[in-house]
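Presented below is the structure to which this report refers.
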Amino acid sequence: MKFCKKYEEYMQGQKEKKNLPGVGFKKLKKILKKCRKDHVSSKINLHNQNNCPRECPVCDGTFFPELLKEMEDVVGWFNENAQKLLELHLASGFKKCLTWFRGNHKQKNHLGLIQEGKDLVNYALINAIAIRKILKKYDKIHESRQGQAFKTQVQKMRIEILQSPWLCELMAFHINLNESKKESGDVVVAPSSFPALFDGCSLMFDDGKPLLSCELSDSVNVDIDLTCSICLDTVFDPIALTCGHIYCYMCACSAASVSVVDGLKTAEPTEKCPLCREVGVYKGAVHLDELSILIRQSCREYWEERRKTERAERLQAAKDYWDHQCQSFTGI
Ligand SMILES: [Zn+2]
Ligand SMILES: [Zn+2]
Ligand SMILES: [Zn+2]
């Protein structure tokens with residue numbers, strides 16, 4: 001099936017979810033088609049500037065603004081709903097999760113959550129594919145790299161759905177719930193409204209490098225590297241900065257020059273992400289609770305080790321902090 005049709009069908013099937021934003025794939029294609037026609041009629045003109053036809057007067061004014069707006073809506077809807085679902089799951093904190101893993105949870109609710117998480121991942125992926133395809137088409141027609149440039153721009157604006165920390169959380173959530181499902185010997189599969197794009201997510205180690213990976217049946221591959229680029233180990237107590245980069249919480253604190261006691265909220269807006277050098281990425285950082293559970297479950301020894309050292313470091317940090325506070329208070 002052609003992707004365009006597949007996408008249309010998918011969006012049709014999601015209609016019961018009110019106001020579900022999507023990419024106007026058909027409409028955007030139409031804009032490009034019209035542009036191609038205009039190009040053909042002015043073929044000589046196009047050939048003259050074939051080396052560098054960077055801007056297209058025909059469709060830049062409609063194509064990119066439209067796509068941008070749609071992408072904003074898609075990622076906004078996705079983030080909001082993913083957050084809601086995960087909050088529901090984590091509402092009563094880690095204690096409840098432990099009982100989840102023991103399989104004591106109500107079966108129906110459990111499956112409902114799995115399905116909802118899966119649906120959301122599907123939504124993110126199919127839209128990511130749609131966006132990638134339409135941009136590729138743009139570049140092909142214009143023989144330009146504007147589409148790619150737009151993609152880079154969008155990543156900087158943090159509206160690229162594959163960068164969303166909530167996608168990472170949902171993938172971890174998916175694995176966590178699936179594991180607990182396996183443990184409880186439950187083989188019931190909830191009916192899906194649309195065939196899943198992905199066969200599943202997994203935490204794997206590629207040459208020792210921890211990856212959160214999603215196997216897809218289409219052209220987009222999602223591999224999230226779980227190495228903290230500060231301590232160069234698997235992220236512990238992970239946090240995603242608003243640029244999408246993931247670090248250990250403590251590593252992020254040290255990169256932002258704040259104490260663990262004060263936390264990332266107190267980071268100066270001028271502090272940069274160590275990887276992409278973007279500023280202002282600390283304030284809206286998201287704690288990746290599901291990912292944390294996943295790492296704890298999958299790498300128990302490592303996790304215990306890190307927990308011990310981190311506890312000592314945190315105690316020391318708290319002590320230093322209060323010593324400092326007392327000193328400034330008493331003036332000694
Ligand atoms: Zn054009
Ligand atoms: Zn780290
Ligand atoms: Zn970054």
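Key figures
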read-out	value
Members of the range 162-217 that are modelled with pLDDT of 85 or more, closer than 20 Å to G22 by Cα and not hydrophobic (A, V, I, L, M, F, W, C)	Q163, S164, P165
Considering residues of the range 224-277 that are in contact with a helix residue (DSSP H, G or I) (Cβ under 6 Å, 6 or more places away or on another chain) and within 10 Å of ligand 3 (Cβ to nearest atom) only, the residue nearest to I295 (Cα to Cα)	A240
Qualifying residue in the range 218-237 (condition: in contact with a Phe, Trp or Tyr (Cβ under 7 Å, 6 or more places away or on another chain), assigned to a helix (DSSP H, G or I), buried (at least 17 other Cβ atoms within 10 Å of the Cβ) and among the β-branched types (V, I, T))	no
Pick from the range 103-161, criterion buried (at least 16 other Cβ atoms within 10 Å of the Cβ) and touching an Asp or Glu at 6+ places or on another chain (Cβ under 7 Å), ranking: modelled with the lowest pLDDT	I159
Residues of the range 280-317 satisfying the condition of being among the small types (G, A, S), in a helix (DSSP H, G or I) and either modelled with pLDDT of 85 or more or in contact with an Asp or Glu (Cβ under 9 Å, 6 or more places away or on another chain) (or both)	S292, S298, A312
Flag if V235 is within 13 Å of ligand 2 (Cβ to nearest atom), at pLDDT below 95 and either within 19 Å of the chain's Cα centre (by Cα) or not assigned by TED's automatic domain parsing to the domain that holds A172 (or both)	no
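The values are calculated or read from the model by the stated rules, or taken from the named source; none is laboratory data. Just so you know, these numbers come straight off a predicted model, no measurement behind them. Positions of Cβ are generated from backbone atoms using ideal geometry, with glycine treated the same way; all protein chains shown enter the neighbour counts.
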